[in-house]
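Novice: Please find one structure pasted underneath; my questions will follow.
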Amino acid sequence: MEDNQTDKPLPPLRLRSHHPDSEKEITLRIPVINGGMGVGVTGPALASAITNEGGGGVLTGVVLGYPFQKILGKLTDKKPFEANRLALEEWITTTKTKCDGGFVGVNIMVALNDFKDMAHVSAKSGVDLIIAGAGLPMALPEIVNKFPDTMIAPIISSVKAARVMVKKWMAKGRAPDAIIYESIHHSGGHQGGSIDDILTGMHQPRDVVSETRKMLDDQGLEDVPVIAAGGIWDKNDILEALSWGAQGVQMASRFLLTVEAGLEFGGIKLFKKLFMENDIPTILERSPAGLPSRAVETPFSKRFAAIDNEIIKEPHECPSVCLASCDKQKSIYCILDHLTEALKDNLEKGLFFAGSNVGKKGISKKILPVKELMDLLAHGEPAGIRAAAGAHVA
Ligand SMILES: Cc1cc2nc3c(=O)[nH]c(=O)nc-3n(C[C@H](O)[C@H](O)[C@H](O)COP(=O)(O)O)c2cc1C
């Protein structure tokens, strides 16, 4: 995409609840939300800063109890599900306070044993948008039905999945309030497609975004925004996604390179260092969630690489019984424990989820305060910086 496109102003992102008893509408001045990054990367500091700068801040609501216990020494007398609930409630309250009641979203995974509880807690605590992925959140409308002002959005990775979600939710009398599309070729963490789909280039972003937009329009759902995620790094990438028919974007990896990311757990310095090292590639590995996942290549992730690799299971405990699909006896490792080790700067044991951009050379990488990053996303990187992007900035 041409550099001169960075002069174009970004349009705002309009969200409205499609619950029959709600008239709630929210307009985000900058059409950028952050992707939830489990297990503790997207906390109150990051989410509130993004909202305060005109975007939409999204907390992770994924198994927070364990890092609270293991790193912060909090809630240690609580059982796993209760700890998850209390930790998420605390984070939602803190975030709402920090952004003066502004937009707060929560990302939760359908694959979690306590998905229903986490969705309910989020809605009861007053979040504006629940984003649910790692499985299709068929039951979400019923779970939050008593909270008309809580908007809900499924994550999809193919047009087929988008169609299924719209059909199922419309049959329950509720259109989705947004559709989040995550590209299996670029997103960090779990992917909503098979290794084969990824290797054969299925579900390309331009196709899925434009066809999903058309599918919604054909059903009279013009006011349901498509929010594109995966591989978006700068303003030109945002404009490109909007040109395919998206109304907004969700970005994760670039937000990890902010001062505010992971602040609650000590600032995740190693995570950030790995992201800045231009010669560290990302690989697909096998997750106990039963999906391929994209992560920084480290000695640990290489052991579980999804392609051409004999997997030797790692003996482990099951501290939080988090994933419905995970059986302690059969699963290859404890994903929660390894994601928590990443928060603790442990190179040997950490699992560092990452989008494909992290392994790409020649893009501008620098740890910025959210305020500066949002300004760059809204107004574009100065030409000099774009030209010099190949130079690694530490
Ligand atoms: C460190 C990390 C953790 C993530 N954790 C989650 C998660 O818990 N739930 C989820 O739905 N997506 C998760 N994702 C995916 C992001 O929310 C996002 O959609 C995706 O990474 C976008 O691509 P990008 O990183 O290229 O911007 C994660 C991504 C990263 C990089």
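Novice: Just tell me which aspartates and glutamates come within less than 13 Å, Cα to Cα, of Lys349; anything on the same chain fewer than 8 places away is out.
Specialist: Excluding near neighbours in sequence, the set is Glu297, Glu314, Asp337, Glu341.
Novice: For every other residue with a beta carbon closer than 11 angstrom to the beta carbon of Lys124, add +1 if it is Lys or Arg and -1 if Asp or Glu, then tell me the sum.
Specialist: 0
Novice: Also, I was wondering about something else. Which residues in the range 238-256 place their backbone N less than 19 Å from a point set 7 Å from the Cα of Gln204 along the Cα-to-Cβ direction?
Specialist: 238-246
Novice: Additional query: Based only on Cα atoms, what Rg/Rh ratio does the range 1-145 have, Rh being taken as Kirkwood's radius? Could the numbers behind the result be given before it?
Specialist: Details: Rg = 16.2 Å, Rh = 16.0 Å.
Result: Rg/Rh = 1.01.
Novice: What is the Cα radius of gyration of the range 193-267 over 2.2 N^0.38 Å, N being its residue count?
Specialist: Working it through for the range 193-267, the quotient is 1.35.
Novice: Here's something else I'd like to know. How much length would be gained if the chain were fully extended between Asp223 and Lys124, taking 0.36 nm per residue of separation minus their Cα-Cα distance, in nm to one decimal?
Specialist: Taking 0.36 nm per residue and subtracting the Cα distance, the gain is 33.1 nm.
Novice: Consider just the alpha-carbon atoms of the range 146-274 and return their Rg together with their Dmax, both in angstrom.
Specialist: 16.1, 48
Novice: Using the Karplus equation 6.51 cos²θ - 1.76 cosθ + 1.60 (θ = phi - 60°), what ³J(HN,Hα) coupling, rounded to whole Hz, does each residue of the range 125-138 give in order, writing x for Gly and Pro?
Specialist: 7, x, 5, 8, 8, 9, 10, 10, x, 6, x, 8, x, 4
Novice: Given q = 0.14, 0.15 Å⁻¹, what are the Debye log10 I(q)/I(0) values for the chain, with equal point scatterers placed on the Cα positions and solvent ignored?
Specialist: Treating every Cα as an identical point scatterer, log10 I(q)/I(0) equals -1.26, -1.48.
Novice: For the chain, which longest stretch is free of loop sites, where a loop site is one of the GluC sites (Glu not before Pro) that DSSP puts outside H, G, I, E and B and that has at most 11 other Cβ atoms within 10 Å?
Specialist: Segment 24-221 is the longest.
Novice: Oh, and also: Only Cα pairs under 8 Å and at least 6 apart count here; give the relative contact order of the range 203-299 as a rounded whole percent.
Specialist: Computed over the range 203-299, the figure is 18 percent.
Novice: How many angstrom lie between the Cα centre of the range 50-107 and the Cα centre of the range 203-255?
Specialist: One Cα centre to the other: 27 Å.
Novice: Shifting gears a bit: With each label point set 7 Å from Cα along the Cα-Cβ vector, what nm distance links Val164 and Glu310?
Specialist: Using points 7 Å along Cα→Cβ, the separation is 3.5 nm.
Novice: Further question on the same structure: Strictly greater than 15 Å: what percent of every Cα pair in the range 276-357 meets that? Could the numbers behind the result be given before it?
Specialist: Working: 1857 of 3321 pairs.
The answer is 56 percent, as a whole percent.
Novice: Right, something else. Any chance you could list P(r) for the range 133-213, counting all Cα-Cα pairs in 5 angstrom bins from zero, rounded to whole %?
Specialist: Spelled out bin by bin, the range 133-213 gives 3, 16, 26, 22, 16, 10, 6, 2, 0 percent.
Novice: On to the next question. How many angstrom separate the Cα center of the range 278-350 from the Cα center of the range 361-384?
Specialist: Cα centres, the range 278-350 to the range 361-384: 31 Å.
No value in this document is a laboratory result; all are computed from the given coordinates. Here the structure is a predicted model, which means the values were calculated and not measured. When we count neighbours, we look across all protein chains shown, and the Cβ atoms used for this are built from the backbone with ideal geometry, even at glycine.
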